[in-house]
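The values are calculated or read from the model by the stated rules, or taken from the named source; none is laboratory data. Since this is a predicted model, take the numbers as computed values, not measurements. Cβ coordinates were reconstructed from backbone atoms using ideal geometry, including for glycine residues, and neighbour counts include every protein chain displayed. Remember, those area values only see protein heavy atoms, side chains included, never the ligands or the DNA or RNA. Shrake-Rupley method; radii C 1.70, N 1.55, O 1.52, S 1.80 Å.
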Amino acid sequence: MNEMPYPPPRRVREAAREGIGKLNRYADPEEIQELRELVAQYVEVSPHHVVLSPGSDLLLREIVHSFSQGRKVVTVSPTFLPTVEAVGQFTSTRVSIMLGRSKFDLDHDLLARVLDKPSLLIIDNPNNPTGGMLLDRDTVEGLLANPDVHLVVDEAYHEYSGRTFVDLVPDNPRFAVTRTMDKAFSLAGARVGYAVLGEAFLDAFSAFCEFLPQPSLYVAKEALRDPVFMQDNVRKIIQERERMREVLEGMHENCPLRGRVYPSNTNFLLLNTQIPDVAEQLWEYGVLVSDVSHQLPAGFIRVTVGTGDEIDAFLSIYRKILDSSE
C-alpha cells in the first residue's frame, strides 16, 4: 500500500491521544481552519485555495463527479486505481492514453490531439504504479493555456519526487493539485488528504463538507508544524529504494530470466520479473507486494520500500524464487 514503514514522531502520537480525548465532539470550524492554514503554509499558497478531506481519493472522486458532465474525461493507463473507478462510475465519455511500454512515458503530442473538446484531464505525477514523472512545467503550462481543459495533477508522492506545480494554481482557475499526508508523513492510519484548487474548482467545492476525525485533525496539525522528521524519513526511503534497485538490477543482469527495474520518483519500485506468478510465490513466503497485472502484463509487481530489514528479506526471497525459476 506504499505506506511509510516508520511511525510518526512521539509528539504526533501524543497529538493523536489528545484528539482521542475529544471523540465525542465534531471538530470545530476554527480547528479545521487552523489545519487549512498550516497546509497552505506548507505548500506556499493562500488558505483560500485549500480544501481538506479524509483521503485524496475522495477529492478526486468529487472532482470527477462534479466536472465530468458535458466533458470528455482523459486519464492515462496505468494510473491510480480509485481514479479509474471514479471515472468508470460517473463518466460516459472517457479516453485512456496508454503510456509507452518501453519507458512508461506519456506521448504529449497524442495528449494534445485528444484534448479537442471540453475535457477533464487527470494525471498522477509521479505515476502510480510506474513511479515515473509524466509531466514537466512547460507541458503543464501548455495544457493550462487550452481554455477547454480542466487539469488535475495528483501529487501523492510529491515529497519523494521533489517536483510540484502547485504554485501555478492561484493564477490558473482551471487547475487543481491533489495530495495526501498518508505516505511521506507516516499518517496512513489517519487518512488526511487535501487539494489546492483554482477558482473554477473551488466553486464546485463550496458545499463540500471538510469534516475530519479529531485524532486525524490533531496529528495532521502537529506533523505540519515541524516537517523535518518527515523529510528525514523521505531521505532514508530514497536511499533504501536506490539500494534495492541496484541489487535487483544486479540479480537480473546475471539471470536468464531478464527482468527490468524501472526508475522511480516515489517510495516504491516497479519490477518486471517475467515470472507470471511471482506475487503468489512471494505471498507464500510471507512477503506482500502489489500484483499490477490488472493494468500491466503478467509478471509486473510494485514493491513498496520498507525498512532495511524488510528490504533484505524481500531481496533474499526474491533471489530464491528467481534461482528456482531458471
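Within the set 127, 146, the sole residue that is part of a loop (DSSP other than H, G, I, E, B), open to solvent by less than 10 Å² (accessible area, probe 1.4 Å) and modelled with pLDDT of 95 or more turns out to be 127. In segment 274-290, of all residues being free of Cβ contacts under 8 Å to residues at least 24 places away in the same chain and more than 18 Å from residue 5 (Cβ to Cβ), the one that is most open to solvent (accessible area, probe 1.4 Å) corresponds to 283. Determine if segment 165-177 includes at least one residue that is of a type in the set (Asp, Glu), closer than 22 Å to residue 36 by Cβ and in contact with a Phe, Trp or Tyr (Cβ under 7 Å, 6 or more places away or on another chain). No: segment 165-177 contains no residue that is of a type in the set (Asp, Glu), closer than 22 Å to residue 36 by Cβ and in contact with a Phe, Trp or Tyr (Cβ under 7 Å, 6 or more places away or on another chain). Can you name every residue in segment 107-124 that is closer than 25 Å to residue 261 by Cα and buried (at least 20 other Cβ atoms within 10 Å of the Cβ)? Scanning segment 107-124 gives 123, 124. Taken over segment 291-316, the criterion of being over 18 Å from residue 267 (Cβ atoms), open to solvent by less than 40 Å² (accessible area, probe 1.4 Å) and without any contact (Cβ under 8 Å) to a residue 60 or more places away in the chain is satisfied by 299 alone.
Scanning segment 104-115 for residues that are without any contact (Cβ under 8 Å) to a residue 40 or more places away in the chain, over 16 Å from residue 151 (Cβ atoms) and part of a loop (DSSP other than H, G, I, E, B) turns up 105, 107. Is at least one residue of segment 244-263 among the small types (Gly, Ala, Ser) and either open to solvent by 20 Å² or more (accessible area, probe 1.4 Å) or farther than 30 Å from residue 164 by Cβ (or both)? Yes - at least one qualifying residue is present in segment 244-263. Apart from one condition, residue 45 fits all of (1) open to solvent by 60 Å² or more (accessible area, probe 1.4 Å); (2) among the aliphatic types (A, V, I, L, M); (3) not in a helix (DSSP H, G or I); the exception is (1).
Residues that are under 30 Å from residue 198 (Cβ atoms), open to solvent by 20 Å² or more (accessible area, probe 1.4 Å) and either modelled with pLDDT of 95 or more or in a loop (DSSP other than H, G, I, E, B) (or both) within segment 5-32 comprise 26, 28, listed in sequence order. Within segment 51-95, being touching a His at 6+ places or on another chain (Cβ under 9 Å), in a helix (DSSP H, G or I) and open to solvent by 10 Å² or more (accessible area, probe 1.4 Å) holds for 67, 81, 89, 90. Working only within segment 187-207, note down all residues that are over 20 Å from residue 5 (Cβ atoms) and part of a loop (DSSP other than H, G, I, E, B). Within segment 187-207, 198, 205, 206, 207 qualify.
Working only within segment 145-158, note down all residues that are in contact with an Asp or Glu (Cβ under 9 Å, 6 or more places away or on another chain) and not charged (D, E, K, R).
Scanning segment 145-158 gives 153, 156, 157.
The residues in segment 191-211 that are open to solvent by less than 10 Å² (accessible area, probe 1.4 Å) and closer than 19 Å to residue 42 by Cα can be counted, and the count is 7.
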